[in-house]
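The values are calculated or read from the model by the stated rules, or taken from the named source; none is laboratory data. The model shown is predicted, which means the values in this text are computed figures rather than measured ones. Cβ coordinates were reconstructed from backbone atoms using ideal geometry, including for glycine residues, and neighbour counts include every protein chain displayed. For accessibility, only protein heavy atoms count, side chains too; no ligands or nucleic acids. Shrake-Rupley method; radii C 1.70, N 1.55, O 1.52, S 1.80 Å.
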Amino acid sequence: MADVPINAPQHCPGTGSTEAGKSSACQGCPNQSICASGTMSGPDPAIEEIKEKLSSVKHKILVLSGKGGVGKSTFSAHLAHGLAQDESKEVALLDVDICGPSIPKMMGLEGEQVHQSGSGWSPVYVEDNLAVMSVGFLLSSPDDAVIWRGPKKNGMIKQFLRDVDWGEVDYLIIDTPPGTSDEHLSVVQYLSVAGIDGAVIITTPQEVSLQDVRKEINFCHKVKLPIIGVVENMSGFICPKCKNESQIFPPTTGGAEKMCTDLNVSLLGKVPLDPNIGKSCDTGKSFFSEIPDSPATLSYRTIIQRIQDYCEKKKVTCFS
Amino acid sequence: MERSQDGGNLSGVQHIILVLSGKGGVGKSTISTEIALALRHAGKKVGILDVDLCGPSIPRMLNAQSKDVHQCDSGWVPVYVDQEKSISLMSIGFLLEHPDDAVVWRGPKKNALIKQFASDVAWGDLDFLIVDTPPGTSDEHIATVDALRPFNPMGALLVTTPQAVSVGDVRRELTFCKKTGLRVIGIVENMSGYVCPHCTECTNIFSKGGGEELARLSGVPFLGCVPLDPLLSQSLEQGKDFVQEFPNSAAYPAISSIARQILDMASPRS
Ligand SMILES: Nc1ncnc2c1ncn2[C@@H]1O[C@H](COP(=O)(O)OP(=O)(O)OP(=O)(O)O)[C@@H](O)[C@H]1O
Ligand SMILES: Nc1ncnc2c1ncn2[C@@H]1O[C@H](COP(=O)(O)OP(=O)(O)OP(=O)(O)O)[C@@H](O)[C@H]1O
Ligand code: SF4
Ligand SMILES: [Mg+2]
Ligand SMILES: [Mg+2]
Ligand SMILES: [Zn+2]
């Protein structure tokens, strides 16, 4: 049933039905007033427009985590840098964290602005083959807060997906805010026809984080979003002086490894805590070119290779 | 639920403190939990309201994840963490059938539940109500600030980690406080430095000083730096009372000093 929104209650009659917004199941449904007004008959035309617009994008990857601060943006930025090291590939990075956009700073693009072109918004280029778009580019000062409720955020995400002029792109990476909320629902709904290759889920080793990530995995199942795999970040810290390892965020319930086995999803790899990762994020540089042979770089590279293999093997699925 | 109409359920609460950060994973829930425990050990009655609907952490951090809330005449009875009933707790975590259920809600539904949390929980008399929030400046935050405004909150505690990426988000959170008329109690810099247990070398894994500098630049009180401390993350994993069990640990002095400053700020008002 394509016309049952993800956030609808169990017995939703369908937004196209004559009962839409009026049946007993509709009591308390967030869509009730829209459905009752009759304007929802038929899917949002933007979904088709987005498919059209993104037909020049080969692979779309979502970076997700139920938990905040586990390194989604850091990973998205490094995935983009890593893929773009192959000069024959065109890479695009889209930041849909509307309230806390980190990508401009991490890519060294703070203060940049987007420009309107004939066919939409032009992204900002870090390199010839690496384009970036973020709500951060639309704010006028670093103190500007985007205090938006859901519907306004959804409108912005629609615009980002429909109106940005990426051109021919091999990989589009989408960095998301923490949680399972408006932004996630919107991205998944708007891309339901265009198709997403899959989601990379980021976690840290401790249970406080894993308990949120299990929810995110359930979310993916619920919306039929394929899971490429899980990355365990901040996994162990090697003291730069004595070279001993310590577990700052202890895997008290077996870490990502056990969760992946339990839930039957693949573990793409583990990235250790490394002060240079944080530093290169703050200065907007690529950690790969700064510290090319650290354990963290090697681990990132393996993970990126696995993601590439996954995308090349798999035909894009439509999951609507 | 007659009392809920006039919001009478919060009328017995002396001081309401919101714990905020634009950035995820900086330790909002950790600081909320530890401040609550520290205030409890100072003899105060404390409630924690967890309005993180997508990722509630407080139940686990206080080892209460298997408990349930009950209904009574004046609304929901919060979960009591200890026998003396000195810490009470309300979270969406107690309302889910399965702990791994994803709460996939859009804004309006979240707003409705937060309103209910503010009006329908029978807190009784509390010295402090600590409100733990999700990251960002969105539906949950607007709804929480709106719902609590009639009760004149003491203010917001902003948590950041030292790096620029995080401080940038907290700057935006300061703007949120200004726009919504919420007083800022102060800024806490969390995960600031790590002392190696093997050789005592201190590494600034997430850099150092960003929170303190932000406080200085924006003219907001700086309440202290909490270092990275494996005993703290371990305690939170197991729902242990860190404040009671590890008074000699690296993070303890900072946490108790933050609680002390909050008590000092609160005393003239009560
Ligand atoms: N492996 C690592 N070692 C050291 N620092 C790291 C590592 N991974 C991420 N960081 C740092 O941790 C902080 C949080 O990372 P990041 O901002 O990428 O998380 P996020 O999941 O995107 O957060 P949010 O939920 O707020 O969007 C950043 O300052 C980043 O530089
Ligand atoms: N000072 C510290 N030392 C060691 N570990 C810490 C410290 N502060 C927080 N942690 C750990 O870091 C993780 C993230 O903290 P926490 O869950 O409190 O962040 P949060 O800001 O509430 O995250 P979210 O944005 O997802 O709600 C937790 O596992 C916690 O145990
Ligand atoms: S209001 Fe609309 S979406 Fe909600 S249950 Fe009714 S028909 Fe379904
Ligand atoms: Mg992020
Ligand atoms: Mg939290
Ligand atoms: Zn050491």
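Pairs exceeding 25 Å between alpha-carbon atoms, taken from B:28/B:109; A:22/A:158; B:115/B:178; A:58/B:110; A:158/B:179; A:53/A:152: A:22/A:158; A:58/B:110; A:158/B:179. Averaged over peptide B:205-217, the number of partner chain Cβ atoms lying within 10 Å of each residue's Cβ comes to 2.
Relative to the Cα centre, the charge distribution of chain B, modelled as +1 at Lys and Arg Cβ and -1 at Asp and Glu Cβ, gives a dipole magnitude of about 780 debye. Extent along the principal axes, Cα only, for chain A: 70, 49, 42 Å, with the longest axis given first.
For the range B:193-249, which GluC sites (Glu not before Pro) are in a loop by DSSP, counting at most 13 other Cβ atoms within 10 Å? Write down the numbers at each step before the final one.
Working: sites: B:201, B:212, B:213, B:237, B:245; in loops: B:201.
Listed in order of number, the matching sites are B:201.
Which one, A:281, A:99, A:220, has the greatest fluctuation when you compute a Gaussian network model over chain A with C-alpha springs under 10 angstrom? The residue with the greatest mean-square fluctuation here is A:99.
At an R0 of 30 angstrom, the distance between the Cβ atoms of residue B:201 and residue A:264 translates into a FRET efficiency of 0.15. Centroid-to-centroid, using Cα positions, the range B:75-138 and the range A:13-27 are 30 Å apart.
Annotation note: GluC sites (Glu not before Pro) in the range A:34-109 located in DSSP loop regions with a Cβ neighbour count of at most 14 within 10 Å are A:87.
Pairs of C-alpha atoms in the range B:8-153 farther apart than 28 Å represent 9 percent of all such pairs. Other protein chain C-beta atoms within 10 Å of residue C-beta, averaged over A:23-29: 1.
Between the C-alpha center of the range A:269-312 and that of the range B:11-44 there is a gap of 35 Å.
Note on B:106-118: average number of Cβ atoms from other chains within 10 Å of each residue's Cβ is 4. In this simple spin-label approximation, residue A:24 and residue B:85 carry label points 7 Å from Cα along the Cα→Cβ vector, and these lie 3.8 nm apart. Result for chain B in a Gaussian network model with C-alpha springs under 10 Å: among B:59, B:230, B:78, the largest mean-square fluctuation is at B:230.
Distance between the C-alpha centres of the range A:103-165 and the range A:230-268: 33 Å, rounded to the whole angstrom. Cα-based radius of gyration for the range A:115-223, normalised by 2.2 N^0.38 Å, reads 1.20.
How many Å² of accessible area per residue for the protein assembly as shown, probe 1.4 Å?
Working: 22650 Å² over 590 residues.
The answer is 38 Å² per residue.
The calculated FRET efficiency for the pair residue A:152 and residue B:112, based on their C-beta separation and a Förster distance of 22 Å, comes to about 0.75. Compactness check for the range B:13-266: Cα Rg over 2.2 N^0.38 Å is 0.96. Ordering A:10, A:50, A:302 by the projection of their Cα atoms onto the charge dipole of chain A, which places +1 on the Cβ of Lys and Arg and -1 on the Cβ of Asp and Glu, puts A:10 at the extreme positive end. Taking DSSP loops as anything outside H, G, I, E and B, show the longest stretch in chain A free of trypsin sites (Lys or Arg not before Pro) there with at most 10 other beta carbons within 10 Å. The longest uninterrupted stretch comes out as A:1-242. With a Förster radius of 41 Å applied to the beta-carbon distance between residue A:87 and residue B:149, the computed FRET efficiency rounds to 0.15. Note on residue B:63 and residue A:10: the model spin-label points, each 7 Å out from Cα along the C-beta direction, lie 3.5 nm apart. Here the range A:259-291 is scanned for amide nitrogen atoms under 15 Å from the site 7 Å beyond the Cα of residue A:221 along Cα-to-Cβ, giving A:259-266. Computed across the protein assembly as shown, the Kirkwood hydrodynamic radius from all distinct Cα-Cα pairs reaches 24.4 Å.
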